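The values are calculated or read from the model by the stated rules, or taken from the named source; none is laboratory data. Note that this is a predicted model, so its numbers are computed, not measured. Backbone-built Cβ (ideal geometry, glycine too); neighbour counts: all protein chains shown. Surface accessibility is based on the protein's heavy atoms, side chains included, excluding ligands, DNA and RNA. Shrake-Rupley method; radii C 1.70, N 1.55, O 1.52, S 1.80 Å.
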Amino acid sequence: MEKSGIRIEDLHLSFGETTVLAGINMEILPGEFFAFLGPSGSGKSTLLRAIAGFGPAPRGRILIGDRDIADLPPWKRNVGMVFQSYALWPHLSVRQNVAFGLEERRLPKREIDSKVDAALELVGLLQLADRMPAQLSGGQQQRVALARTIAIEPQVLLLDEPLSNLDAALRVQMRRELLALQRKLGLTTIFVTHDQEEANTTSDRMAVLDGGVIQQIGTPQELYDTPANGFVAGFLGTANVLKGQVSDGHFLTIGGNRLPLACPRTGADRIVLRPQNVTLGPAGGEGIVGTVSHREFLGSSIRYLVDTADGQIIVDTLHSAGQTGQETGATVSLRVDSLNAPLLV
Amino acid sequence: MRKILLTTALTLIAGAASAADKVVVVTSFPKDLTDPFKAAFEAANPAYELEVVSRNTNASVSYLQETRGANTTDLFWASAPDAFEVLKAEGLLAAVDVAAEGIPDSVGGYPINDPAGMYFGFAASGYGIMYNTRYVEANNLPIAKEWEDLMRPEYNGHVAMSSPSRSGTTHLTVETVLQGDGWDAGWAKWKWISGNMSTVTERSFGVPDAVNSGSTGFGIVIDFFGLASKASGFPVELVYPSLTAIVPANIGVIENAPNAEGAKAFVEYVLSPEGQQVLLNPAIMRLPVNPAAYETAPEGFPNPFTPEFAPGAIAFDVDLSGSRYTLVNALFDVMITYRMDDLRAAVAAVQQAEAAQEGKDNAEAKALIAEARALVEALPITEAEASDPSFAGVFQISRDKPDVEVVGRQAEVEQAWDAFAVANYAKAKELADQAAAMN
Amino acid sequence: MSDSFQPTRPSGRFTLFPRLSGVALTGLLIAIFLMAFLILPVMQVIYVAFLDARTGALTLQNFQDFFNTNLFRESFVNSFYVSAMSVVFATIIALPLAYITTRFTFAGAAVIQSLGFIPLIMPPFVGAVAMTLLFGRNGSLNLLLDQYFGFKIPFMEGLNGVIFVQSLHYFPFILINLSASLRNIDRSMEEAAQNLGSSGLRMFRRIVFPLAMPGYLAGAALVFIKVFDDLGTPLLLNVNNMLAPQAYLRITGVGINDPMGYVISFILVAFSVFALWVSLLFMRGKDYATVQKGGGGLAKRDLSQREKVLAWGVILFILALVLSPHFGLLLLAFGTIWSFSPLPDGFTLQHFGTVFTQSSQYIWNTIIYAGSAAVIDVILGTAIAYIVLRSGLIGRKWLDYMATAALAVPGVVLGIGYLRMFHGVELPFGLGQMSSFWGLIIVALAVRRLPYALRACMAALQQVALSLEEAAESLGATKSSTIRRIVVPLMTGGILAGFVTSFATAAVELSATIMLVGRSSDAPLAYGIYLFMQSPSGRGAGAALGILAVVIVALGTYLSQRIIEKDRNRRAAAPGTDH
Ligand SMILES: Nc1ncnc2c1ncn2[C@@H]1O[C@H](COP(=O)(O)OP(=O)(O)O)[C@@H](O)[C@H]1O
Ligand SMILES: [Mg+2]
């Protein structure tokens, strides 16, 4: 199958008076697994639906391959969409659901049958083809929705929070299957989620959205290691953001701590410290001084909230059996590995 | 056998060609009457097919008026001559030369056919009192034989009639009494009778229905309702009061009829000796206008051509009736139909007062009762006014004739009458109650 | 419909002659249909109310006359009183039935719900005749009371009779709507109340009933308007001083050119529209019940033995009351002579024989008329529902308003309007005069019953999640294909329910058809019954025909109910609602 990329140029969209998407630009490469990540209400679904052709008409351009699809009705876009609710038609059997799009394309019956079988085979549901949707479990319904979409061999696959209706264990399993399937078909895929772990584990690249604006686009690691702003830093994993200024190869915090930097960036006024980059030591050691205000036992690690002159700092320490760690109220010193910590302007 | 086949074939051919030979008749007559005539007519004239459109008289007239621009009706067939008069006055009837033999000029003093030849009487009807024998027995009531009887207190709540504005035949009954007794005495009679009524029905058939089911004892009806009910097995009887009018039920061809030939053929059939025989069908029971037909009539079947029938029959004045047609209807409705409760209360109060004063000699009470009676009987307009075109015209305003000068609007006039009647009935009740309380 | 549907999004390209999208075209056609067969004919009638009867000039004089006339003012008050009291009594009848069948595990619930529908399909004339025979001044009940206890109860006298008959006839509107609302209430609402210490009747009054209010109000408004506009029952009971009978008497009186009938018609229509609007205002923002979804309805409780006996007692009493007209009808249809006695003198099958030999035409006509009207109704209802709920068409709400306004138009007004408007219009293909063409009866029935079908279709479409349609479109189905393959099949239950209501009530309609029947061979059942009931020997046959009407409609209702039930079961627990 010919792979196509997606290009979105200066897309604006509003519901009546309220602007929901403002100046979206992005390029998704052919065959890429791309995630839209952002908090609830940030406009992810709206953007995805705009690509599929639903919702109010946006301003701007949406190209799939070289084709501008912004003016096409949904049924002419050849964009496969899997809905959060799956949207399986309750009056049609699994087979009829999957065959629907092919029938709309007026394919010969034999071809439809074989394609439906192939799609169901792919998601491992061939033996349930004659059931009604109501007779399936949540995971099975989700696979039918997927099979129904890929059966039409769309140019791109759009998934809106496809895993959110599944329980935790199934969610992990399904996201692996999804990825495997995507790799196998090589489909350009957009995956909408509000769960950074889901985005991290599946996507080649992702776009972080907030308030209808793209905050940053990049691979999961790029975004984690070099967040463009505090929102991205905070949204991808836990972050301690300390204020201060760069001076003399160091970051001088407002609390008066000097943190060494490998590549100091002039003008930066915040530094992002990940919890695992901070080590907790007994009182009197070198580093930032603080008091443990709260501790949480997480199993593999213990999380401490430490009050310091630079505000509260979150520290994760690995836990091994038998250790007790610090108590609440204890005075501690925090040693910081700040050399490669991201700086924010 | 061959003959049957031949007839069938002919019928089929006729049926195939029937589009042109359909005779459409608008009628107020029930199925019981139309079905036998349809069957008999089509058997006698296989070339025609009779299409029956059933509507009550008033709706039929409205229908013919509304549809005059593109008429599809060939015939109008109904009891009330007044309705034919209305149609005739509006030019909706055609003059047709019909061949009929053996039918006299008049029955019971009423001319059978329209002098202008626009409609023809085919059956005679008288008006009578129909009663339910079980009801009468259970309530220990004497049989009312004359209109006056129905005014008596013992009939309070036992009488029913329909409104003249709803039923052409009832209008004739009302008008007959008005003509026979005179305007004031006639209305007084109707008010006292109405004071005894349990109901004034909206459909003329509502009256025989109420008597048949026993929900009321006596009904003022056109004769065939009583005769046919009895023939159907209901425990009812019919008596003709001596003051009655024998009025023909009629048929007329509509102006501009699509099938004028067929219309004429049906009229001629209805008036023929065979057609007249159909009237004696037990479900129909109407009086033929051809005296010869009575030779085969069942025992006891009334014959209006005999001198002993309804000795008090009056010569009904169609022109007088026509000149105040809607006015009489409106007056009846305003004073009686719509104010039934007030009238009943006043009449009952007078009846009770009279019963209380029975055998006593209280002059004051007698004066009060007389005053109350006068109030009940009082009329808002005189007979002369009722026939004055500038007044009666209020009820017949038509945009077709804007030049007719009239004095007011119907709603205005009716409101005045209504206020008049309500006040009088209330006052009458008050006076009668006073009289009843006296020693 | 073809693939000519255009995307609803603006194409951005400028065209000199913009091609109407399929949806817009459909909307336009429906609007034209409603204009031609509802709005304009009604205007034709009520417009006369503004004319000087003599000069034909525009005037408000007639309205002044109306308000100056005591009789009309009283009629208005009487109509209002009767309508309000009918709502009260209909509520008293419907409330226990709805409550018991939706709140408790009750063996006969389905049967009771179905029987509760039957009173709506009582053909006119026969109902009142049967009721008079049972409850009238000398009806069975009063004859027995008089014989054994020496008194009578005036059930059927005057306004009382109208209220009695109307509440028995129209209570199903409340029953149906209230039951549906009760079933839609989220279980957690009730559980929360119980959790906070509320229970029993108190909880019902404070939590359940307010939540069911929108459904109740919808039903009550319908009852009010129907009673306000109905003229058949008052006329049959010979009650004249109400508005609808006054309008009828004045419009159909022979030779009368009295504008008052038209003034009253105008006031009837205006007041009904007003009542409809008030009920909508009341319901706005109160539609909580449908907001909560997927709660599976209120929890059903088992009844204790004693409660069961009590519940059955109440239900049997109510059923006996509301089905008494049908019982009376049965007696009439099988009885020989029934006169001034508690029961007919004897029993016979002869009336049915008469009906079968003479009247199969009426039955076929009815099935064709009511069936076609109901088909038109569900098609229009589905289309309007789709346009109103799913399209961005300008003025789409007005389609809904126009169609619903048919509720406020008395049948006679529509009938007369058709005669005025379509008389003289010659149809092609030798179909003759439009005003006497039987097709017009179908149109009249369809217009009169459209509001019922429309409400059912609206409710059905609201249940279909938007994503189900979007899924189809994203898989390549055009709008028309989506409607045909997804939307309509998913609405099946609601569409069928609409079909049944339209069909059942159209099958016994008389008020508009009586004006439009061009010839007996075109007459429907209700008209046939009317004809039979005009002659002494026809009473039994008329009743037999009435029984046939009830049986046909009841069978149709039962079958559709089965289909709806199957459809509902198949989709139970189906996915498709968004979170
Ligand atoms: N139909 C709508 N009408 C008005 N506002 C809407 C509509 N749908 C979504 N929005 C608004 O658009 C914003 C983005 O919504 P959405 O794209 O659904 O967010 P996400 O999927 O990221 O949670 C939200 O603020 C929401 O309130
Ligand atoms: Mg979303």
Subset of segment A:64-75, residues facing chain C (nearest Cβ under 7 Å) and more than 26 Å from the chain's Cα centre (by Cα), comes to A:Asp71, A:Pro73, A:Trp75
Restricted to segment C:474-489 and to residues being in a helix (DSSP H, G or I) and open to solvent by 10 Å² or more (accessible area, probe 1.4 Å), the residue nearest to the other protein chains (Cβ to nearest Cβ) is C:Pro489
Note on A:Gly249: of the conditions (1) farther than 16 Å from A:Leu37 by Cβ; (2) within 16 Å of ligand 1 (Cβ to nearest atom), unmet is (2)
When restricted to B:Asn290, B:Asn259, B:Asn281, the only residue farther than 30 Å from C:Leu143 by Cα, within 14 Å of another protein chain (Cβ to nearest Cβ) and either of a type in the set (Asp, Glu) or out of contact with any strand residue (DSSP E or B) (no Cβ under 6 Å at 6 or more places or on another chain) (or both) is B:Asn281
In the set A:Leu120, A:Leu107, A:Leu163, the lone residue that is of a type in the set (A, V, I, L, M), more than 10 Å from every other protein chain (Cβ to nearest Cβ), out of contact with any Pro (no Cβ under 7 Å at 6 or more places or on another chain) and within 16 Å of ligand 1 (Cβ to nearest atom) is A:Leu163
Over segment C:314-337, the set of residues more than 26 Å from the chain's Cα centre (by Cα), among the β-branched types (Val, Ile, Thr) and open to solvent by less than 50 Å² (accessible area, probe 1.4 Å) is C:Ile337
Checked pairs for segment A:38-63, first more than 13 Å from every other protein chain (Cβ to nearest Cβ), second part of a helix (DSSP H, G or I) and near ligand 1 (Cβ under 6 Å from one of its atoms), C-beta under 8 Å and 6 or more apart or across chains, list as A:Gly38/A:Lys44
Being at negative phi, assigned to a strand (DSSP E or B), open to solvent by less than 10 Å² (accessible area, probe 1.4 Å) and within 16 Å of ligand 2 (Cβ to nearest atom) narrows A:Leu158, A:Leu163 down to just A:Leu158
Note: among B:Asn212, B:Asn140, B:Asn196, just one is open to solvent by 10 Å² or more (accessible area, probe 1.4 Å), of a type in the set (S, T, N, Q) and more than 15 Å from the chain's Cα centre (by Cα), namely B:Asn140
Examine segment A:204-212 for a residue that is away from ligand 1 (no atom under 14 Å from the Cβ) and in the same structural domain as A:Arg131 (by TED's automatic domain parsing), and state whether such a residue exists.
yes
Considering residues that are assigned to a loop (DSSP other than H, G, I, E, B) and within 16 Å of ligand 2 (Cβ to nearest atom), the number found within segment A:28-43 is 6
Within segment A:44-75, the residues that are within 16 Å of ligand 1 (Cβ to nearest atom) and assigned to a loop (DSSP other than H, G, I, E, B) are A:Gly53, A:Phe54, A:Gly55, A:Pro56, A:Ala57, A:Pro58
Residues in segment A:76-86 that are within 16 Å of ligand 1 (Cβ to nearest atom) and within 7 Å of chain C (Cβ to nearest Cβ) total 4
The correct count of residues that are more than 16 Å from ligand 1 (Cβ to nearest atom) and touching a Leu at 6+ places or on another chain (Cβ under 6 Å) in segment A:176-203 is 3
Checked pairs for segment C:231-242, first within 18 Å of C:Phe76 (Cβ to Cβ) and facing chain B (nearest Cβ under 7 Å), second part of a helix (DSSP H, G or I) and of a type in the set (Gly, Ala, Ser), C-beta under 7 Å and 6 or more apart or across chains, list as C:Asn241/C:Ser75
Quick check on A:Arg110: is it assigned to a helix (DSSP H, G or I), under 19 Å from the mean Cα position of the chain (by Cα), farther than 21 Å from A:Gly5 by Cβ and at pLDDT 90 or above? no
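Table: residues versus (1) in contact with an Asp or Glu (Cβ under 7 Å, 6 or more places away or on another chain); (2) open to solvent by less than 30 Å² (accessible area, probe 1.4 Å); (3) within 14 Å of B:Arg409 (Cα to Cα); (4) at pLDDT 90 or above.
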site	(1), (2), (3), (4)
C:Ala53	no, yes, yes, no
C:Asn62	no, yes, yes, no
C:Asn68	no, no, yes, no
C:Phe76	no, no, no, yes
C:Ala84	no, no, no, yes
Of the candidates B:Phe225, B:Phe234, the one satisfying the condition of being outside any strand (DSSP E or B), open to solvent by 10 Å² or more (accessible area, probe 1.4 Å) and modelled with pLDDT of 90 or more is B:Phe234
Residue pairs qualifying under the 7 Å Cβ cut-off, at least six apart or on distinct chains, with the first in segment A:157-183 being polar (S, T, N, Q) and the second being more than 16 Å from ligand 1 (Cβ to nearest atom) and in a strand (DSSP E or B), are A:Gln182/A:Phe33; A:Gln182/A:Thr189
Pairs returned, first residue in segment A:125-139 that is within 17 Å of A:Leu170 (Cβ to Cβ) and assigned by TED's automatic domain parsing to the domain that holds A:Leu92, second residue that is among the hydrophobic types (A, V, I, L, M, F, W, C) and open to solvent by 20 Å² or more (accessible area, probe 1.4 Å), beta-carbon separation under 6 angstrom, 6 or more apart or interchain, are A:Gly139/A:Leu170
In segment C:200-232, anything open to solvent by 20 Å² or more (accessible area, probe 1.4 Å), part of a helix (DSSP H, G or I) and within 30 Å of C:Gly415 (Cα to Cα) is listed as C:Leu217, C:Ala218, C:Leu222, C:Phe224, C:Lys226, C:Gly232
Those residues of segment A:1-27 which are open to solvent by 40 Å² or more (accessible area, probe 1.4 Å), away from ligand 1 (no atom under 16 Å from the Cβ) and not in a loop (DSSP other than H, G, I, E, B) amount to A:Arg7, A:Glu9, A:Asp10, A:Asn25, A:Glu27
(message) Just checking, does segment A:87-100 include any residue being part of a loop (DSSP other than H, G, I, E, B), within 14 Å of chain C (Cβ to nearest Cβ) and under 25 Å from the mean Cα position of the chain (by Cα)?
(response) yes
Of those in segment A:44-58 that are away from ligand 2 (no atom under 16 Å from the Cβ) and open to solvent by 10 Å² or more (accessible area, probe 1.4 Å), the residue farthest from the chain's Cα centre (by Cα) is A:Ala57
Selection from segment A:75-87 of residues more than 13 Å from ligand 2 (Cβ to nearest atom), open to solvent by 10 Å² or more (accessible area, probe 1.4 Å) and in contact with a Ser or Thr (Cβ under 8 Å, 6 or more places away or on another chain) yields A:Trp75
- Query: Just a yes or no: is a residue in segment A:126-142 away from chain C (no Cβ under 12 Å) and surrounded by 21 or more Cβ atoms within 10 Å (Cβ to Cβ)?
  - Reply: no
Looking across segment C:94-140 at residues that are under 30 Å from C:Met533 (Cβ atoms) and free of Cβ contacts under 8 Å to residues at least 24 places away in the same chain, the single one that is surrounded by the fewest Cβ atoms within 10 Å (Cβ to Cβ) is C:Arg137
